[in-house]
Amino acid sequence: MPKLNMVKALNLALFQEMERDGDVLVLGEDVGVDGGVFRVTDDLQRKFGSQRVIDSPLAEAAIIGTAVGMALYGLKPVCEIQFSGFAFQCFHQIENHCARYRARSQGRFHVPMVIRMPYGGGVRALEHHSESEEQFYAHIPGLKMVIPSGPRNARALLAAAIRDPDPVIFFEAKALYHAAKEEVPDESEILPLGRAQVVREGKALTLIAYGAMVRVALEAAEVLQAEDGVETTVIDLLTIAPLDRDTLVSSVKQTGRAVVVHEAPRSFGPGAEIAASIMDGAFLSLEAPVRRVTAYDVPFVGFAREKANVPDVSRVVAAARDTLAF
Amino acid sequence: MPRIALEPRFQVEHLSVLDSEGNLDTALEPKLSADELKSLYRAMVLGRRLDERMVRLQRQGRIGTFAPIKGQEASQMGTAFTLRRADWMVPSFREIAAMIWRGWPIEKLLLFYAGHVEGGRPADDQHDLPITIPVSTQLPHAVGLAYAAQYRGDDVVVMAYFGDGATSEGDFHEAMNFAGVWHVPVVFVCQNNQWAISVPLKKQTHSRTIAQKALAYGLPGVQVDGNDVLAVYAAAREAVDRARAGDGPTLIESVTYRLGFHTTADDPSKYRSEEEVTMWEKKDPLTRFRAYLEQRNLLESDIESRVDEEIAAAVQRFEATPPADPLTMFDHAYAELPPDLEAQRAEMAEREAAGPPRVGEPTPLPPRATPMRGQRLTRR
């Protein structure tokens, strides 16, 4: 098995899905000749031509809007929004149309499209290039919201998203693009959407994370084991919406304690929904309130202060210790 | 360096065939058969009579708010009449006459305006998008449909409708730009009815015409007398033929007037004068076309009563629709219902089965809760 970083793994998924289905198109700014600013669509235009890998004019609303039209016609466009911070210029197309066309047309049409966006901090970037906005999409009925945490699951989830008959927002953590290599099998691989994975098992506490925060949670679990002798479960959500509540609830029923970690601001974020789900399903098992380790509820802080804002291992460990001591 | 004049290469035409005085430009008169002329007029009359009926239905509370088309029948029908069944129509929310021509049953539209989402479902073989309400956001969809048709090699033209207000929105400009760059078979039909709710055209744009906006995107733009169905048809015919021949998109500005209100929730007397309305009433597209048909001996005397019968029958079918089953609201959220939504659906099913809650009776106390693990009140 070749070892690939996340960029190469995503590129492999796109290549294989385009080879297997002539209806799959790639559309976005600089995705063709340039291969995307992060090179995720590298070489696709050379292989599939400029009609299938489209260097669009610079306009997010029309990228998504025209892709909706293509999808209504039966194609399966995969759009790239260059940075998630720019997606507010197409948010109306996503919320008003992508998410609703199946319902509006009562099943006569559906919108089988994927919107890929790099998100999150950790790359010393300017404003609009380092925020985390998954909560907006997770809140919209009709959409699915997926965030992989490494090369192998990124490849398998992107393939699943492309094959999904409903619109999928696919966030890619910029911090993970080149972070690590993983063995990724040559043959096509699919991970079902809507399922979380338990990536580490322990009886004392459940850490819940996704995207770039999964490795932070895993490192925190190592520290807790080494310094406190505490065994921690770590859950990688993979799909934010629809949320895999069963996996969360059954874990917290065993551990009685949960800490949620995300890069998005705290209030009304995914952590709130996760905490409410745990309350709904595992209230009688809780030994402590569900804690959230998140960015603070402030606008963009600049990368000189980013470390203080985005959750890191020490903040997660501290929250875990508080929870264990409650 | 010299200044080089580029501008004379471009021009914006205004097209008129039959004016409100009955003068006819026979050189531009489209070649339509007697049957085509009759069915064109019939569709316009149907649009007008249904519009008037719908206003009454709305006033009686039998349907909700809708956007009347009165005055815009020529603008809609002259364009939609040029489409084949396999072509696509992308409406905004003020195209009832064109939508019915395209095959939407009247009772389905009534159902839609009575708040039933079922009314928004086009038939399986119908190449029409449902009504789009956020202004201009349907235009990129039209461009995407046209791109997809071209990609598949299908012989398809897409026609998209919008109003003068929509030309201030970003999606209009983005759609025009993409259509130009991609050179796709799409026809943009702007029904310039002079008013975007209370804002007149002169406050909407500083351009002399809307048609000229096409030039900036490298497309032909034409302005047409939108109350002259023959001129609208001629302009649309040209644009649709151009698109079908692979020669790219066109913007048609159809200059017309909204004789009624923006929607049934609006009072136009607040922002426009009666004189203005009277002036436009003299240019009524139906009166003009009717005179033309009379002259050619093509007017069917009982057309109004036959159309009214068709509407009455449709209203009856609409009113016989059984009440909506609330549980079906979950049917088209996703291809497959996620577990969350399964649970929410079950929650609603249980409530529906239990019937309405009783009012005025004390709610019995729930049984004492069992002590719980993690219950700290006694310890702290």
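The values are calculated or read from the model by the stated rules, or taken from the named source; none is laboratory data. Bear in mind the structure is a predicted one, so any value in this text is a computation, not a measurement. Neighbour counts run over all protein chains shown; Cβ positions are idealised from the backbone, glycine included. Just so you know, the surface numbers come from the protein's heavy atoms only, side chains and all, with ligands and any DNA or RNA stripped out. Shrake-Rupley method; radii C 1.70, N 1.55, O 1.52, S 1.80 Å.
Values computed for the structure shown
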quantity: Accessible area of B:Ser301 in the full protein assembly, 1.4 Å probe (Å², nearest 10); calculated: 110
quantity: Heavy-atom accessible surface of chain B: percent carbon and sulfur, 1.4 Å; calculated: 52
quantity: Projected label distance in nm at B:Asp155 and B:Asp340, using a 7 Å step from Cα toward the beta-carbon; calculated: 4.7
quantity: Relative contact order of chain A, pairs being alpha-carbon contacts under 8 Å that are 6 or more residues apart, as %; calculated: 16
quantity: Using θ = phi - 60° and Karplus 6.51 cos²θ - 1.76 cosθ + 1.60, couplings along segment A:20-29 (whole Hz; Gly, Pro as x); calculated: 7, 9, x, 7, 7, 10, 10, 9, x, 7
quantity: Accessible surface ranking that places the most exposed of B:Asp51, A:Asp23 first, with a 1.4 angstrom probe; calculated: A:Asp23, B:Asp51
quantity: Set A:Lys174/A:Lys307; A:Lys8/A:Lys174; A:Lys144/A:Lys307; B:Lys70/B:Lys108; B:Lys38/B:Lys108; B:Lys202/B:Lys270 screened for pairs whose C-alpha atoms are more than 22 Å apart; calculated: A:Lys144/A:Lys307; B:Lys38/B:Lys108
quantity: Theoretical FRET efficiency, 1/(1+(r/R0)^6), r = Cβ-Cβ of B:Asp331 and A:Ala179, R0 35 Å, to 0.05; calculated: 0.25
quantity: Buried accessible area, chains A and B (both chains, 1.4 Å probe, Å² to nearest 100); calculated: 4200
quantity: A:Lys253/B:Arg272 FRET efficiency (R0 60 Å; Cβ-Cβ; nearest 0.05); calculated: 0.35
quantity: Other-chain or far-sequence residues with amide H under 5 Å of A:Arg292's (modelled H); calculated: A:Val260
quantity: Nearest-10 value in Å² for the accessible area of B:Glu13, using the 1.4 Å probe; calculated: 100
quantity: Solvent accessible area, Å² - A:Leu284, 1.4 Å probe, full protein context; calculated: 90
quantity: Sequence-distant residues sharing a close amide H with A:Val199 (under 5 Å, placed H); calculated: A:Val234, A:Ile235, A:Asp236
quantity: Cut-off under 5 Å, modelled amide H: who pairs with A:Val53 long-range; calculated: A:Val26
quantity: Largest-first ordering by accessible area, 1.4 Å probe, given options B:Glu300, B:Glu73, A:Glu201, B:Glu319; calculated: A:Glu201, B:Glu319, B:Glu300, B:Glu73
quantity: Cβ-placed point charges (K, R +1; D, E -1), dipole of the protein assembly as shown about Cα centre in debye, nearest 20; calculated: 1360
quantity: R0 of 60 Å, Cβ-Cβ distance B:Arg56-A:Lys47: FRET efficiency to nearest 0.05; calculated: 0.50
quantity: Residues along segment B:160-177 losing 50 Å² or more of accessible surface when the other protein chains are present rather than the chain by itself (probe 1.4 Å); calculated: B:Glu174
quantity: Trypsin sites (Lys or Arg not before Pro) lying in DSSP loop within segment B:171-257, provided at most 13 other Cβ fall within 10 Å; calculated: B:Arg208
quantity: Extreme residue, positive dipole direction of segment A:3-183, given options A:Gly121, A:Gly74, A:Val53 (C-beta unit charges); calculated: A:Gly74
quantity: Among A:Val7, B:Gln316, A:Gln254 the positive-end extreme of the charge dipole of the protein assembly as shown (Cβ point charges); calculated: A:Gln254
quantity: Separation between Cα centres of segment A:59-79 and segment A:123-166, rounded to whole Å; calculated: 17
quantity: Selected from A:Thr239, B:Pro249, A:Leu207, residue furthest toward positive end of dipole (the protein assembly as shown; charges at beta carbon); calculated: A:Leu207
quantity: Counting DSSP beta bridges with both ends in segment B:137-257, the antiparallel % (nearest 5); calculated: 10
quantity: Cα-projected label distance for B:Arg351 with B:Arg296, points at 7 Å along beta-carbon direction, nm; calculated: 5.8
quantity: Gain on full stretching of the segment that runs from B:Lys202 to B:Ala320 - 0.36 nm per residue minus C-alpha separation; calculated: 37.9 nm
quantity: Extension gain (nm, one decimal) between A:Arg124 and A:Asp186, 0.36 nm per residue minus Cα-Cα; calculated: 19.0 nm
quantity: HN-Hα J in Hz across segment B:251-259 - Karplus 6.51, -1.76, 1.60, θ = phi - 60°, x for Gly and Pro; calculated: 10, 10, 9, 9, 7, 9, 8, 7, 6
quantity: Inter-probe distance in nm under a simple model that places probes 7 Å from Cα toward Cβ, at A:Lys203 and A:Phe268; calculated: 4.2
quantity: Solvent exposure of the protein assembly as shown as accessible area per residue, Å², 1.4 Å probe; calculated: 44
quantity: Within the accessible area of segment A:3-183 (1.4 Å probe), percent carbon and sulfur; calculated: 49
quantity: Complex-versus-alone comparison for segment A:258-295, residues with a loss of 10 Å² or more in accessible area, probe 1.4 Å; calculated: A:Phe283, A:Leu284, A:Ser285, A:Leu286, A:Glu287
quantity: For segment B:135-140, 3J(HN,Hα) per residue [Karplus equation, 6.51 cos²θ - 1.76 cosθ + 1.60, θ = phi - 60°, Hz, x = Gly/Pro]; calculated: 4, 6, 6, 7, 5, x
quantity: Largest to smallest accessible area among B:Glu336, A:Glu189 [probe 1.4 Å]; calculated: B:Glu336, A:Glu189
